[in-house]
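Before any comments, here is the structure.
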Amino acid sequence: MANTLEPRPRNAPSRTEPRALPARDGAAESAGNGAAHAHAHAHSAANPADDDSAIIPMRPSGRAMQFSIDEARRNAALGAPVKARVEALSFYYGAYQALKSVSMQIRDKQVTALIGPSGCGKSTFLRCFNRMHDLTPGSRYEGSINLEPEAINLVSQAVDPIEVRMRIGMVFQKPNPFPKSIFENVAYGLRIRGLGSRLRLQEEVEKALRAAALWDEARDRLHSSALSLSGGQQQRLCIARALATSPEILLFDEPTSALDPIATARIEELIASLREQVTVLIVTHNMQQAARVSDYTAFMYLGELIEFDETSKIFTNPGRKATEDYITGRYG
Amino acid sequence: MSVDGLTHHISSRYNEDLQRLLSSVLGMGGLVERQLMQAVGGITEPDENVITRVAQDEVQVNQLERDIDEDCNRILATRSPTASDLRLIITILKTITDLERIGDEGEKIAAIAARLAMRELPRTRYRELRNLGEVVIGMVHDTLDAFARHDTNLALEVLRRDRAVDDEYEGIHRQSITFMMEDPRTIRRALDVMWVVRSLERIGDHSKNICEYLIYLVLGRDVRHTRLEEIERELTRRAEAARAAGPAASAPLGAAGLAPVPTAPLSATAQPLR
């Protein structure tokens, strides 16, 4: 019997040659993001009390990713009301269509990450939220981004971009503090908003610096130049500056790509804590970062939204082959 | 995911790492399968040396388990695998544990075979063990085949067979008790037979585990502790969904077919809820 039971040949996985990376145009990679952006006039009355929240269980506070417990995951997803509804948003740089009818719902007080290869339109998408394309010649929006609960269409020409930027803050790839003192950087938006009282200013600045986890390092040098801070500290200062005016949504465009791993970890930690008070939208090339900090992930490619789902789903079992190929580092 | 997909990483070293890992697992599976065939063969065709040969393979199997474990750890640390790559590593880590245990059971069977070989063959020539042994060896073989080809249908087929093994186990159990009651002189032999049957049944369970991991690897759905009928329904549902979605759903990134990605039904109104 022993002789008759020889191992039968097995079909080994077939080897195929890896194909070359397809050529791609990077036209949508917009140039320069250095424009300092004052987040003036925070909208104090904007405290979104969504009626959904009354009937839907709130997201559990634990940050642990729930990989397999479907029920808990669904509850978590249901927990947050919608903060912004993007509907059929298209954007054109002249004749070039950078965004092709993107629709998604941004959940309140959750972190949503946008990932995708260069030129896929994720930064363009992010910039639509605070109308940063308005001054680009020949640019054109189609569709809508409705900011809830009032359903204000952020990209409508009837809506004043200043109004939009009062409610939506932005942090850029490179730290861009104003060449002023640390205190003045944070107080800038508050002053424009008309806050004159020295005492109130001090309170608000401290609050913002604490929220940006910079207070302990900066408390003794509030009046020295912001440019004397390290890169990571400068970036946190920019976050504090954005937070000072209490925005409802905070946009991050590759906030850590110019920072070292420790400063990156600090910023990520900060983003995780910010979700207590603000809705965060983050563009990142670092997929592990998206996996670490976000609750939802959107994968974009060539101006289209390919897949949008909970982060834990996207990174363990994405629904689309294209998403899978991108996050696993494949081009097939 | 498909087996071919392994080779499509931008990093060719990553491709090679995963390919090598998969071949090591299949190599380990081959050794375990050989151990098992020798052990079961040793019962029906008495052979005193069977234990030595099985033990020699066991040394290699153990070494492979350690090596594969280390490779998986290294890949986890250096590549941060995601999605199907992550599922592959997790599946492999679990699979090798079950494979190693199949090897251990094989060694137990071989030890009993060596003992039985010193006694006279019964009239049945252990036909019941040979039958069950062939079913279980077939399960292990098909499990490894399914693993090599990422074939969920074959995995499902193995899961179905595990029920038959459990029934057979019950049958031999009852038969042994009858023998023992009829003639107490057969008790020693009947107990040995029971040990072998027990081991074979355990091996069937380990094969079943590996098939469940495989379904998780391919479909991303954890089917452990799930009723067979439910798994069957899920697989059918997936197959139908894949057929309905057509080739577009599986269009790879960067392929010419992707440029006009069909937005409906998913991205037209993409919501994070299912």
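Rule-based calculations on the coordinates, nothing more; no lab input. What you see is a predicted model; the values in this text were computed from it and never measured. Glycine also receives a Cβ, built like all others from the backbone with ideal geometry; neighbour counts cover every protein chain displayed.
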Original post:
Measuring from a point 7 Å past the Cα of residue B:80 along Cα-to-C-beta, which residues in the range A:288-323 have an amide N at less than 14 Å?
Top reply: A:288-294, A:315-316
Subject >> Hits among aspartates and glutamates - C-alpha to C-alpha of residue A:207 under 18 Å, sequence gap 8 or more where chains match >> reply: A:184, A:216, A:217, A:220, A:248, A:269, A:276
Original post:
Helix B:152-182 sits at what angle to the longest principal axis of chain B, using alpha carbons and giving 0 to 90 degrees rounded to 10?
Top reply: 20 degrees
Subject >> Cα-based radius of gyration of chain B once divided by 2.2 N^0.38 Å, which approximates compact folds >> reply: 1.21
Subject >> Ranked by how many other beta carbons lie within 10 Å on average, peptides B:22-32, A:289-299, B:221-231, B:101-111 from highest >> reply: A:289-299, B:101-111, B:22-32, B:221-231
Original post:
Which percent, to the nearest 5, of DSSP beta bridges fully inside the range A:70-327 are antiparallel?
Top reply: 60 percent
**OP:** Taking the dipole about the Cα centre of the range A:70-327, with the C-beta of Lys and Arg at +1 and of Asp and Glu at -1, give me whichever of A:259, A:237, A:153 is farthest to the positive side.
**Re:** A:237
**OP:** For an R0 of 35 angstrom, estimate the FRET efficiency from the Cβ-Cβ distance between residue B:56 and residue A:286 and round to the nearest 0.05.
**Re:** 0.15
**OP:** Could you pull out every one of the lysines with an alpha carbon less than 16 Å from that of residue A:321, ignoring same-chain neighbours closer than 8 positions?
**Re:** A:313
**OP:** Any lysines with Cα under 27 Å of the residue B:108 Cα? List them, leaving off those in the same chain fewer than 8 positions away.
**Re:** B:94, B:208
**OP:** In nm, give the distance between the simple-model label positions of residue B:198 and residue A:192, each being 7 Å from the Cα along the Cα-to-Cβ direction.
**Re:** 7.9 nm
**OP:** Run the quick spin-label model on residue B:238 and residue B:135: label points 7 Å from Cα toward the beta carbon, then report their separation in nm to one decimal.
**Re:** 2.6 nm
**OP:** Note down the nm distance, to one decimal, between modelled labels 7 Å out along Cα→Cβ at residue B:221 and at residue A:134.
**Re:** 5.0 nm
Original post:
Taking only Cα atoms, what is the 0 to 90° angle, nearest 10, from helix B:127-149's long axis to the longest principal axis of chain B?
Top reply: 20 degrees
Subject >> For the range B:64-101 and the range A:88-128, distance of Cα centres in Å >> reply: 36 Å
Original post:
If we restrict to alpha carbons, what Rg and Dmax does the range A:186-332 come to, in Å?
Top reply: 18.0, 61
Original post:
What average count of beta carbons from other chains do you get within 10 Å of the Cβ of residues in A:290-299?
Top reply: 1
Subject >> Between 0 and 90°, nearest 10: helix B:83-117 axis offset from chain B longest Cα axis >> reply: 10 degrees
